[in-house]
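Okay, so here's the structure we're looking at.
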Amino acid sequence: MDGDLLGFMIALPNYTEDESRVPLYSEPEKALIKRFNSRIAYISTIAVHPSSMRKGFGTILINSLIDACLNWNPKAEAIFLHVKSDNTQAMKFYEKIGFVQDSFIKDYYNEDSHAYLYVLVLVSARQS
């Protein structure tokens, strides 16, 4: 396993920092941004090699983002991501970690390819 890529994640610890993306936000994203005072992180992509799935690597990746968000200044209050509406395996994984399904976005990926928006509230950030 030495040198093998087990997985990776692309995330934005401060999703609203780049104002050029604002016109691209869906209504559910705008509502989340408002709810968490723009202090929200976004997971764009997370992938684990099929031979390494169900061994904790995805959880390690997300936990590293949670740690980064809680040490970021200002701290992120939540993390969100999109999941294809037919990807039940991913939904179960995110729910196991603590993400909750927030909203449904019709035709998010393309026509007849929808998404659920999942959110993880970072309790420590809410208490600070």
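The values are calculated or read from the model by the stated rules, or taken from the named source; none is laboratory data. Keep in mind that this is a model prediction, so the values were computed, not measured. Cβ placement follows ideal geometry from the backbone for every residue including glycine, while neighbour counts extend to all protein chains displayed.
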ask   = Under 8 Å by Cβ, and 6 or more places apart or on different chains, what pairs join a residue from the stretch 82-101 that is under 21 Å from residue 12 (Cβ atoms) with one that is in a helix (DSSP H, G or I) and of a type in the set (Gly, Ala, Ser)?
value = 83/90; 84/90; 93/58
key: Residues of the stretch 14-32 satisfying the condition of being among the aliphatic types (A, V, I, L, M) and either in contact with a strand residue (DSSP E or B) (Cβ under 8 Å, 6 or more places away or on another chain) or touching a residue at least 24 places away in the same chain (Cβ under 8 Å) (or both)   = 31, 32
key: Selection status of residue 102, among the charged types (D, E, K, R) and at pLDDT 95 or above   = yes
query = Restricting to the stretch 49-77, what's the tally of residues that are within 20 Å of residue 116 (Cα to Cα) and either of a type in the set (D, E, K, R) or crowded, with 17+ Cβ neighbours inside 10 Å (or both)?
reply = 3
query = When you go through 106, 75, 96 one by one, which is the residue that is among the basic types (Lys, Arg), out of contact with any Lys or Arg (no Cβ under 8 Å at 6 or more places or on another chain) and not in a strand (DSSP E or B)?
reply = 96
ask   = Say we look at the stretch 102-118 and pick out the residues that are without any contact (Cβ under 8 Å) to a residue 60 or more places away in the chain and surrounded by 14 or more Cβ atoms within 10 Å (Cβ to Cβ); which of these is farthest from residue 84 (Cα to Cα)?
value = 118
remark   = Reported set for the stretch 1-45 where residues are among the polar types (S, T, N, Q) and part of a helix (DSSP H, G or I) is 16, 20
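Please tell me if residue 60 is in contact (Cβ under 8 Å) with a residue 12 or more places away in the chain and either β-branched (Val, Ile, Thr) or assigned to a loop (DSSP other than H, G, I, E, B) (or both).
no
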Condition check for residue 67: assigned to a strand (DSSP E or B) and either without any contact (Cβ under 8 Å) to a residue 12 or more places away in the chain or of a type in the set (D, E, K, R) (or both) = no
ask   = Quick one: is residue 86 on the phi < 0 side of the Ramachandran plot, assigned to a loop (DSSP other than H, G, I, E, B) and of a type in the set (Asp, Glu)?
value = yes
task = Would you mind telling me which numbered condition in (1) loosely packed, with under 11 Cβ neighbours inside 10 Å; (2) touching a Gly at 6+ places or on another chain (Cβ under 8 Å); (3) of a type in the set (A, V, I, L, M, F, W, C) residue 24 fails?
result = (2)
